[in-house]
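Okay, so here's the structure we're looking at.
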Amino acid sequence: VPPPATLPAPGLCCGTNSQSLPPQCVLTGRWINDLGSNMTIGAVNGKGDFAGSYHTAVSATTNEIQVSPLQGSQHRTNQKSQPTFGFTVNWSFSDSVTVFTGQCFVDEEGKEVLKTMWLLRSYVDNIKNDWKATRVGINIFTRLQSQK
């Protein structure tokens, strides 16, 4: 009598392993947004903190645009594969600060995408002008591929 036929263990056949790790989205690297602004994020440390630089393509000021520093933090609960994060850009060429918050996603094509919302606070001379000092918007960043 031949031994009974055995089937592969569930999840071990044909690339349908439901136990495989989800795609990982990593903040570190170079990014470009929908307006053409470039951002470089350095290594994320053990606490989730990171630093980098931001070179905006757009500005409401007539000052010459300069690369500006950014400081941020990635949420680290359970080492999520598509983490939430936030960072602040202290503009080197104006009296403004922008805070970004968002999430790092891997889309259906396997590409990393940063979906963000931001608040830009501009300096105003007095409290009567406070109403016009804050702007809000969204940006979508994609990884900037290295030139070969």
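The values are calculated or read from the model by the stated rules, or taken from the named source; none is laboratory data. All of these numbers come straight from a predicted model, not from anything done at the bench. Every residue, glycine among them, receives a Cβ derived from its backbone with ideal geometry; neighbour counts consider all protein chains shown. The accessibility values were calculated without ligands, DNA or RNA, using every heavy atom of the protein model including side chains. Shrake-Rupley method; radii C 1.70, N 1.55, O 1.52, S 1.80 Å.
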Cβ-Cβ under 6 Å pairs, at least 6 apart or on other chains, the stretch 89-103 side touching a residue at least 40 places away in the same chain (Cβ under 8 Å) and closer than 13 Å to residue 118 by Cα, far side among the polar types (S, T, N, Q) and part of a strand (DSSP E or B): none
Do the conditions hold for residue 85, that is, is it assigned to a strand (DSSP E or B), free of Cβ contacts under 8 Å to residues at least 40 places away in the same chain and among the aromatic types (Phe, Trp, Tyr)? no
Taking the stretch 64-80 and the residues there that are open to solvent by 70 Å² or more (accessible area, probe 1.4 Å) and in contact with a strand residue (DSSP E or B) (Cβ under 6 Å, 6 or more places away or on another chain), the one that is modelled with the lowest pLDDT would be 75
Tell me, which residue of the stretch 26-44 that is among the hydrophobic types (A, V, I, L, M, F, W, C) and under 16 Å from residue 91 (Cβ atoms) is surrounded by the most Cβ atoms within 10 Å (Cβ to Cβ)? 39
Tally, over the stretch 33-63, of residues that are part of a loop (DSSP other than H, G, I, E, B) and either more than 15 Å from residue 96 (Cα to Cα) or in contact with a strand residue (DSSP E or B) (Cβ under 7 Å, 6 or more places away or on another chain) (or both): 12
Residue within the stretch 94-114 that is assigned to a strand (DSSP E or B), touching a Gly at 6+ places or on another chain (Cβ under 7 Å) and open to solvent by 30 Å² or more (accessible area, probe 1.4 Å) present: yes
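Yes/no matrix, rows are residues, columns are (1) out of contact with any Leu (no Cβ under 7 Å at 6 or more places or on another chain); (2) within 13 Å of residue 34 (Cβ to Cβ); (3) touching a residue at least 12 places away in the same chain (Cβ under 8 Å):
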| position | (1), (2), (3) |
| --- | --- |
| 107 | yes, no, no |
| 110 | yes, no, yes |
| 135 | no, no, yes |
| 138 | yes, yes, yes |
Go over the candidates 119, 144 one by one and state the one that is within 14 Å of the chain's Cα centre (by Cα), surrounded by fewer than 15 Cβ atoms within 10 Å (Cβ to Cβ), among the aliphatic types (A, V, I, L, M) and under 21 Å from residue 56 (Cβ atoms). 144
Within the stretch 45-63, identify whether any single residue is under 19 Å from residue 117 (Cβ atoms), touching a Phe, Trp or Tyr at 6+ places or on another chain (Cβ under 7 Å) and surrounded by 14 or more Cβ atoms within 10 Å (Cβ to Cβ), and answer yes or no. no
Suppose we filter the stretch 122-133 for residues that are hydroxyl-bearing (Ser, Thr, Tyr) and either surrounded by 12 or more Cβ atoms within 10 Å (Cβ to Cβ) or closer than 14 Å to residue 54 by Cβ (or both); how many remain? 1
